[in-house]
Every structure is written in C-alpha cells, then in structure tokens.
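Input: one structure, supplied below.
The values are calculated or read from the model by the stated rules, or taken from the named source; none is laboratory data. Since we're looking at a predicted model, the values are computed, not measured. All Cβ positions, glycine included, derive from the backbone under ideal geometry; neighbour counts span all protein chains shown. All accessible areas refer to the heavy atoms of the entire protein, side chains included, with ligands and DNA or RNA removed. Shrake-Rupley method; radii C 1.70, N 1.55, O 1.52, S 1.80 Å.
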Amino acid sequence: MERVFNFSAGPAMIAQSVLEKARDELVCYPGRGMSVMEMSHRSSMYVDIFNETKALLKKLMNVPDEYEILFMQGGATLQFSGVPLNLMVNGKADYVDSGNFAHLAAEEARRYGEVNIVASSRDDNYVYVPDIDQIQWNADADYAYITTNHTIYGTRYTRIPDTGNVPLVADASSNILSEELDVSKFGVIFAGAQKNIGPAGLCVMIIRKDLMGKQNALCPKLMNWALQSKNDSMLNTPNTYGIYMAKLGFEWLDSLGGVKAIYEQNVYKAGLLYDYIDNSALFTAPAKKECRSLMNVTFVTGDADKDAAFVKYAAANGLVNLKGHRSVGGMRASIYNAMPVEGVQKLIEVMKAFEKENA
Ligand SMILES: *Cc1c(COP(=O)(O)O)cnc(C)c1O
C-alpha cells in the first residue's frame with residue numbers, strides 16, 4: 001500500500017528516509033549484532049547512540065553549555081507537574097493561558113502553589129496569543145510559563161517575551177525545531193517528541209543548569225531534574241528506542257541544513273496553504289493572522305456537515321487526519337517538518353476541487 005499524507009497533530013508524520021533507515025537497522029544494528037531495542041541502556045554501544053542524540057540536539061538548537069539536555073518519559077504532560085515540582089521554591093508562578101495545553105498546565109500547577117494567569121485568550125476560544133507587550137509579569141514569581149505553539153488552535157508566539165530575572169518555561173511540543181529559538185532566553189524548554197522529533201513516549205528537555213536542584217521534597221525521583229541530570233537521564237531504563245528514533249530524526253534535519261533551512265521550508269509550506277485559504281470563497285482560517293502557526297493550520301467552511309464531507313473527501317484522496325480537534329471542530333492540517341511540500345500542494349489541489357464541487 002502506498003503511504004498517505006498524514007496531517008495528524010501527533011503522533012505525526014516521520015520522514016520516509018528516517019523510517020527506512022530504522023527498518024534497515026531494526027533487526028541488526030550495524031556492527032552490533034542486535035536490535036537497538038535489545039541493547040542494555042548501560043552498554044557502551046547504547047551510550048554511544050544516546051550521546052550522539054544529545055550532541056545532535058545541542059548542535060541543531062545551538063544549546064549553550066549552561067544548559068542540560070534530558071530525555072524523559074511521560075510525554076509533555078508529565079512536565080505539567082514536573083515544572084512546578086522542580087521550580088516552585090516560593091510557591092508562585094505566572095502562566096499565560098493561551099491554549100488548552102497551557103490551561104491544563106496551569107491547572108496542574110495550582111496543586112503546588114499560587115498560579116497567576118497573567119494573560120488569557122480563553123474567552124475568545126484561543127484564536128490568538130495574548131499581546132505579550134501588555135503582560136505584567138510578577139517579579140517575585142518562581143517562573144513564567146508559556147506554550148510557544150498552540151497545536152489545537154493553530155496559533156504561535158512570533159516573539160519570545162522578556163520576563164527579566166524570572167526564568168521563562170516553555171512547552172514547545174508542537175514547534176520545537178521548526179524555527180530558530182534562542183535557548184538563552186529560556187529557563188526550561190520541553191517538548192513531547194511525537195510532533196516534530198519522532199515517536200511518542202519521549203519528552204525532550206533543555207534546562208538551565210542553575211535552575212536544577214530546587215525541587216519540592218515530595219518530587220518523585222523520576223521527575224527530579226537534578227537527579228536525572230546527575231544520572232544522564234538514566235535513573236531507570238529510558239525510552240531507548242524512542243531516543244534512537246529521535247537521533248535518526250535529528251540526523252535527517254541536520255542533513256537538510258538544520259533548523260534555519262527547515263524554517264524557510266515551513267514558511268513556504270504554510271504560506272501556500274494560508275494564501276489559498278485567504279483567497280477561497282469556501283474555507284476560512286479562524287486563527288488571527290498575526291499569530292498564525294506554521295505547524296498547525298486550522299480552517300473551517302462554517303458548516304459542520306460540509307466540514308465532515310471535506311474530511312471524508314480528502315481521505316478518499318490520500319490525505320488523512322484532517323479533522324480538527326474534538327474541542328473546536330472544523331479542520332486542522334498539521335504540517336510539521338516531516339510533511340513534504342508535495343503534501344501541502346496536494347492538499348490545496350484537493351481543497352480547490354472540493355470548493356469547485358461545493359460552490
Ligand atoms: C501534544 C502536546 C502536549 C501533550 O503531549 P503528550 O506527549 O501527549 O503529553 C502538550 N503540549 C502541547 C503544546 C502539545 O502540542
């Protein structure tokens with residue numbers, strides 16, 4: 001069977017060459033006589049893979065030496081608890097409620113201390129990111145929290161706020177490695193792998209080293225960043241195969257020219273789609289123009305039956321998982337790094353054909 005263009009929000013498409021390399025090495029990793037899945041995480045053959053993965057991420061994101069890279073389990077969501085458990089020294093944090101995942105993170109943090117919602121677009125169905133110039137950050141907060149890209153609503157921050165001495169924590173699950181991020185502006189960046197890195201079950205973390213070691217006494221060992229750092233993410237058995245897949249993904253991105261090169265392609269891809277939608281008589285994009293996501297493009301016809309008909313029509317044409325998140329409806333095309341330009345071009349063709357038939 002031919003591969004489809006998969007517009008799923010996550011788990012999402014992985015570059016075909018990455019999957020083929022994984023297939024070629026699945027049963028017998030070159031020179032090692034066994035699958036990566038069968039390697040002891042303590043063996044030098046696996047530690048080599050682990051170290052290369054870490055070095056590649058450091059290179060791709062230009063991670064300064066003052067930062068640690070961790071590979072954790074529990075997805076991005078476990079860090080909704082991990083962040084307050086590791087950083088809430090004085091029991092106070094600022095959150096921007098700019099999407100459902102931001103909302104969930106703030107709700108979880110409330111279990112550990114005082115959460116101040118310093119800005120919110122919740123009452124407007126999260127169709128925009130609150131104006132960061134209007135935000136009054138609290139100077140005595142333990143940290144300030146944002147979500148750099150909103151997977152469900154198709155919005156993103158186009159600038160990173162300056163929170164002064166208060167460390168900025170970012171959930172970058174759905175746009176990590178899609179555009180350049182100045183890591184030095186952040187205290188912590190974390191991202192679930194299943195959107196722009198590889199398979200689910202892995203959370204990549206970049207943490208400023210001086211922020212580690214302040215965890216709540218009840219912080220579970222496995223969520224203790226300082227302890228994980230001391231043990232190089234191997235306090236227990238890590239997601240060994242997921243980390244290996246991330247390595248293949250990082251190598252692929254590096255071979256394309258890294259984040260700068262893929263960003264240009266992402267701007268081009270998203271631009272094609274938004275241009276078509278903006279000129280369409282049938283489809284409109286609900287997200288405000290100035291904060292449109294490059295990764296998740298949301299669109300609607302304004303008629304739920306027509307939306308459903310389009311999703312079906314697209315699937316019949318080899319374009320799958322275009323249904324919007326259950327909380328917002330409509331359509332969503334997730335076009336992460338691994339979505340080829342041809343996938344977006346095909347989507348536009350199919351949208352045009354549907355529009356013609358439904359004029
Ligand atoms: C997908 C996603 C999550 C949840 O990730 P899990 O790995 O399922 O925990 C959190 N935040 C954002 C921004 C996401 O896109």
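With ASN216, ASN196 as the choices, which residue is within 16 Å of the ligand (Cβ to nearest atom) and of a type outside the set (A, V, I, L, M, F, W, C)? Steps first, please.
Details: ASN216 fails: within 16 Å of the ligand (Cβ to nearest atom).
Only one candidate passes the filter, namely ASN196.
Checking SER184 against (1) surrounded by fewer than 19 Cβ atoms within 10 Å (Cβ to Cβ); (2) in contact (Cβ under 8 Å) with a residue 40 or more places away in the chain; (3) outside any loop (DSSP other than H, G, I, E, B); (4) within 12 Å of the ligand (Cβ to nearest atom), which test does it fail?
(4)
Can you confirm whether the stretch 164-178 contains a residue that is surrounded by fewer than 24 Cβ atoms within 10 Å (Cβ to Cβ), assigned to a loop (DSSP other than H, G, I, E, B) and within 11 Å of the ligand (Cβ to nearest atom)? Step through it out loud before you land on a result.
The initial filter retains those residues of the stretch 164-178 that are surrounded by fewer than 24 Cβ atoms within 10 Å (Cβ to Cβ), namely 164-168.
Checking the rest, the ones that are also assigned to a loop (DSSP other than H, G, I, E, B) come to 164-167.
Applying the additional criterion that residues be within 11 Å of the ligand (Cβ to nearest atom) yields none.
Checking the stretch 164-178: not a single residue is surrounded by fewer than 24 Cβ atoms within 10 Å (Cβ to Cβ), assigned to a loop (DSSP other than H, G, I, E, B) and within 11 Å of the ligand (Cβ to nearest atom).
Take the stretch 257-277 and flag every residue that is open to solvent by 50 Å² or more (accessible area, probe 1.4 Å) and either touching a Ser or Thr at 6+ places or on another chain (Cβ under 6 Å) or of a type in the set (Phe, Trp, Tyr) (or both).
TYR263, TYR268
Search the stretch 201-228 for residues that are on the phi > 0 side of the Ramachandran plot and pair each with any residue that is within 16 Å of the ligand (Cβ to nearest atom) and open to solvent by 60 Å² or more (accessible area, probe 1.4 Å) when their beta-carbon atoms are under 9 Å apart and the residues are at least 6 apart or on different chains.
Pairs found: GLY201/GLN73.
Any chance you could count how many residues in the stretch 109-136 are within 21 Å of GLY213 (Cα to Cα) and in contact with a helix residue (DSSP H, G or I) (Cβ under 7 Å, 6 or more places away or on another chain)?
3
Which ones in the stretch 277-300 are over 19 Å from SER334 (Cβ atoms) and among the hydroxyl-bearing types (Ser, Thr, Tyr)?
SER280
Look at GLY31 and say whether it is farther than 26 Å from MET339 by Cβ and away from the ligand (no atom under 16 Å from the Cβ). Quick ask: steps written out before the conclusion?
Details: farther than 26 Å from MET339 by Cβ: yes; away from the ligand (no atom under 16 Å from the Cβ): yes.
Taking the combined requirement at face value, the residue satisfies it.
Moving to a separate point now. Which strands (runs of 3 or more DSSP E) does the stretch 59-157 wholly contain that include 2 or more residues that are more than 24 Å from MET223 (Cβ to Cβ) and in contact (Cβ under 8 Å) with a residue 12 or more places away in the chain? Write out each step before concluding.
Numbers: elements: 67-72, 92-97, 114-120, 143-147.
Because the criterion is at least 2 residues that are more than 24 Å from MET223 (Cβ to Cβ) and in contact (Cβ under 8 Å) with a residue 12 or more places away in the chain, the strands (runs of 3 or more DSSP E) in the stretch 59-157 that meet it are 114-120.
Ok, one more. So, MET234, is that one in contact (Cβ under 8 Å) with a residue 24 or more places away in the chain and over 30 Å from MET351 (Cβ atoms) or not? Lay out the reasoning, then the answer.
Numbers: in contact (Cβ under 8 Å) with a residue 24 or more places away in the chain: yes; over 30 Å from MET351 (Cβ atoms): yes.
Against the criterion (in contact (Cβ under 8 Å) with a residue 24 or more places away in the chain and over 30 Å from MET351 (Cβ atoms)), MET234 qualifies.
Name every residue in the stretch 81-102 that is surrounded by 22 or more Cβ atoms within 10 Å (Cβ to Cβ) and either of a type in the set (Lys, Arg) or closer than 17 Å to ILE206 by Cβ (or both), in order of residue number.
Scanning the stretch 81-102 gives GLY82, VAL83, ASN86, LEU87.
Restricting to the stretch 103-126, give me the number of residues that are within 20 Å of ARG326 (Cβ to Cβ) and either crowded, with 23+ Cβ neighbours inside 10 Å or within 16 Å of the ligand (Cβ to nearest atom) (or both).
So the count comes out to 7.
Still on this model: Would it be correct to say that LEU222 is more than 18 Å from the chain's Cα centre (by Cα), farther than 30 Å from ASP24 by Cβ and outside any helix (DSSP H, G or I)? Spell out the reasoning first.
On the way: more than 18 Å from the chain's Cα centre (by Cα): yes; farther than 30 Å from ASP24 by Cβ: yes; outside any helix (DSSP H, G or I): no.
No.
Only residues that are open to solvent by 20 Å² or more (accessible area, probe 1.4 Å) and either within 15 Å of the ligand (Cβ to nearest atom) or touching a Phe, Trp or Tyr at 6+ places or on another chain (Cβ under 9 Å) (or both): list them for the stretch 130-161, please.
Listed by number, the residues that qualify are ILE132, TYR153, ARG156, ILE160.
Something else about it: What's the number of the only condition in (1) assigned to a helix (DSSP H, G or I); (2) of a type in the set (D, E, K, R); (3) without any contact (Cβ under 8 Å) to a residue 40 or more places away in the chain that GLU251 fails to meet?
For GLU251, the exception is condition (3).
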